[in-house]
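Computed from the coordinates by the stated procedures, all read-outs in this text should not be read as laboratory data. Please read all numbers here as calculations on a predicted model, not as lab measurements. For neighbour counting, all protein chains shown are included, and Cβ atoms are generated from backbone atoms with ideal geometry for every residue, glycine included.
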Amino acid sequence: MTTSPLDRAADSFAAELARHRTERGLSKKQLATLMGFDPSYVSHVEGRRHRPTEDFARRAEAVLDASGAIWQRFREYDHLRHARTERDPREPDPSGRWIPPGTGLIVENESSILTYTEDGYRCLIRRELYNAGTEPITRYLVRVAVDRYPNDPGRSNRHHRERPLTFAELGLRAYREESGEREAMHWRAKYDRDAFKEIWLLFENGERRFPLYPGHRATIEYTYTVGRDKWGPWFQRAVRVPTRHLAVRLDLPAELDPQVWGAETSLSAEEGPLRRAVARRDEGDRAIFEWATDDPPLNARYRMQWRFRAQSDAEPEGERIRPSERMRGLGILQRGADLLRQPARPFDLPREARAAREVIDRLTDALARLDELHPFAKGVGIAAPQLEIGRAAAVIRPPDRTAEPLVLLNPRVVDAAPDTDEQYEGCLSFFDHRGLVPRPLRLDVEHAQLDGRRVITSFEFGMARLVAHEIDHLEGRLYVDRMAPGVPLVPIEEYRETGHPWRY
């Protein structure tokens with residue numbers, strides 16, 4: 001039985017740790033692996049058999065991204081344990097931010113700029129560093145990775161085997177700034193592969209050494225160039241050191257009509273769209289795309305992707321990316337995936353209202369990204385199984401872009417008009433072709449609300465076709481199952497109705 005404030009503080013820390021671990025869906029063993037601890041130690045801390053250490057608390061806060069809650073519980077416990085009245089220099093700064101684990105290095109601000117030029121892509125990375133640890137820092141590890149065809153790993157591997165990235169062509173330059181002084185940094189190769197390099201930036205040059213001492217700040221900047229024959233249409237930033245602010249800027253030629261979107265993933269979440277939209281502004285003949293985030297989780301990855309719409313028709317056949325590959329690049333399953341042939345599991349509403357809302361948000365975000373890539377004059381829909389989510393949810397954007405998207409949860413057809421017509425349909429999971437599909441002209445559908453109520457909605461003509469298509473997905477069908485025997489599919493290159501509404 002807890003009898004002292006110290007015991008109660010230790011219990012509060014253990015409870016906070018267990019709560020955030022459970023919310024992230026991690027087992028004790030998984031959390032221990034991510035933190036670099038033995039699994040039994042995590043179990044002992046949660047079971048109140050071991051008291052938390054400062055290093056343990058810092059690592060738990062960083063891995064679980066608890067917005068400072070775990071660290072606050074430790075500070076309360078540690079204050080009682082030591083009965084300190086003066087601030088320890090190792091504690092967080094007065095703003096209340098926690099100091100991350102490991103070397104004690106913090107990236108207070110990262111700015112990454114990728115510029116497309118006639119010579120290729122020029123990358124500039126600028127990081128403002130703070131040494132919150134107890135030892136001098138003498139080197140900093142950076143990575144350079146290229147992937148010419150990110151949607152075709154086999155092709156990329158062959159390409160880079162024949163055209164390996166070299167240190168000579170990178171032309172790497174690195175600098176360190178501190179107190180207004182700017183000095184060149186030497187560097188040393190650590191890892192050298194065809195499409196991947198690891199490089200130590202050294203806090204020294206031919207004239208002197210300048211370690212980053214505890215409690216000091218410095219800014220490092222490095223640049224390199226990669227030819228267009230080796231850089232694919234993507235730019236990824238990975239958070240390997242605790243970071244407080246991350247900003248990305250793409251500088252692309254406006255005449256190529258660039259379209260940019262992004263995705264993010266972390267240790268506790270599957271890949272999804274960026275939580276903040278990419279902003280565009282034009283400067284003369286350049287299109288500038290900018291995105292930023294504060295306090296990104298440790299080991300999170302943010303990937304920006306783009307395509308040049310004005311260049312697509314001029315691409316050599318061997319370089320052209322198939323429409324289905326563009327869809328796959330957005331995380332949309334393609335024909336042949338087992339999940340597309342399995343009935344989706346309905347939601348238990350209202351008990352699973354939160355889970356349903358999260359799925360709806362992911363579907364809505366996917367539609368927003370799709371609209372940046374392709375004109376959908378007929379409207380467009382996406383079902384949860386197409387995003388590898390086996391639940392009965394779909395979102396449809398009507399042909400009228402001013403109308404609100406339609407959300408379908410646990411839908412089922414209760415009546416259909418006997419009159420049908422045949423029109424061409426496409427599918428995000430089979431995007432290289434179009435097919436002539438018969439559908440009812442009217443459809444009555446019973447579907448659920450988040451609060452558990454069920455309603456019946458009647459749809460006609462184009463909306464009836466869109467709704468029927470998405471309900472088929474939730475029942476494990478594709479539109480080719482509805483086509484008459486012997487009717488051929490039309491390759492997208494031969495289809496002439498893109499950008500035109502259905503005719504009724």
> Which of the lysines could a cross-linker span from Lys197 if the Cα-Cα distance has to be under 26 Å and same-chain partners fewer than 8 positions apart are dropped?
Replying inline: Lys230
>> Need one number: convex hull volume per residue for the chain, Cα atoms only, in Å³.
In response: 192
> Alpha carbon centre of the stretch 281-304 versus the stretch 445-493: separation in Å?
Replying inline: 36
> Based on the alpha carbon coordinates of the stretch 105-316, what radius of gyration and maximum Cα-Cα distance (Dmax) apply, in Å?
Replying inline: 17.9, 57
> Any idea what diffusion coefficient the stretch 184-306 gets from Stokes-Einstein, in µm²/s, Kirkwood Rh on alpha carbon pairs, 37 °C, 0.692 mPa s?
Replying inline: 191
> Rg (Å, one decimal) plus Dmax (Å, integer) for the alpha carbons of the stretch 313-463?
Replying inline: 16.4, 54
> Mean separation of Cα pairs under 8 Å and 6+ residues apart, divided by the residue count of the chain: what relative contact order is that in percent?
Replying inline: 10
>> Testing the spin-label approximation: label points 7 Å from Cα along Cα→Cβ at Arg286 and His216. State their distance in nm.
In response: 3.3
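Given a Förster distance of 22 angstrom, what is the FRET efficiency for Thr420 paired with Glu446, based on the Cβ-Cβ distance and rounded to 0.05?
Working: r = 21 Å, r/R0 = 0.94.
Step by step, r from the Cβ atoms, then E = 0.60.
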>> Out of all Cα-Cα pairs in the stretch 391-451, roughly what percent, to the nearest whole number, are more than 15 Å apart?
In response: 68
> Efficiency by 1/(1 + (r/R0)^6): what FRET value for Asp11 and Arg357, r their Cβ-Cβ distance, R0 = 30 Å, to the nearest 0.05?
Replying inline: 0.35
> Taking amide hydrogens as modeled 1.01 Å from N in the peptide plane, which residues meet the under 5 Å criterion relative to Gln423, leaving out close sequence neighbours?
Replying inline: Val437, Arg439
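Determine the calculated [θ] at 222 nm for the chain from helices alone, applying -39500 (n - 2.57) to every DSSP H run no shorter than 4 residues and normalising by the residue count; nearest 500 deg cm²/dmol. Each step should come with its number before you reach the end.
Details: 10 runs with 116 residues, N = 504.
One gets -7000 deg cm²/dmol as the mean residue ellipticity at 222 nm.
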>> What is the distance in Å between the Cα centroid of the stretch 210-263 and that of the stretch 359-437?
In response: 35
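Would you mind computing the Rg to Rh ratio of the stretch 135-236 from its alpha-carbon coordinates, Kirkwood style for Rh? Before the final figure, lay out the partial values.
Working: Rg = 16.1 Å, Rh = 15.1 Å.
Reported Rg/Rh, Kirkwood definition of Rh: 1.07.
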> Cα-based Rg (one decimal) and Dmax (whole number) for the stretch 5-82, in Å?
Replying inline: 11.2, 34
> Which ³J(HN,Hα) values in Hz, rounded to whole numbers, follow from the phi angles of the stretch 338-343 under the Karplus curve 6.51 cos²θ - 1.76 cosθ + 1.60, where θ = phi - 60° and Gly and Pro get x?
Replying inline: 4, 5, 5, 10, 10, x
>> Counting only other residues whose beta carbon sits under 12 Å from that of Gln30, what net charge do I get with K and R as +1, D and E as -1?
In response: +4
> What's the FRET efficiency of Val455 with Asn205 using the Cβ-Cβ distance as r and R₀ = 56 Å, to the nearest 0.05?
Replying inline: 0.20
> Arg208: net charge of surrounding residues, Cβ under 12 Å, Lys/Arg +1, Asp/Glu -1, itself excluded?
Replying inline: -2
> Mind ordering 31-42, 346-357 by average Cβ neighbours within 10 Å, highest first?
Replying inline: 31-42, 346-357
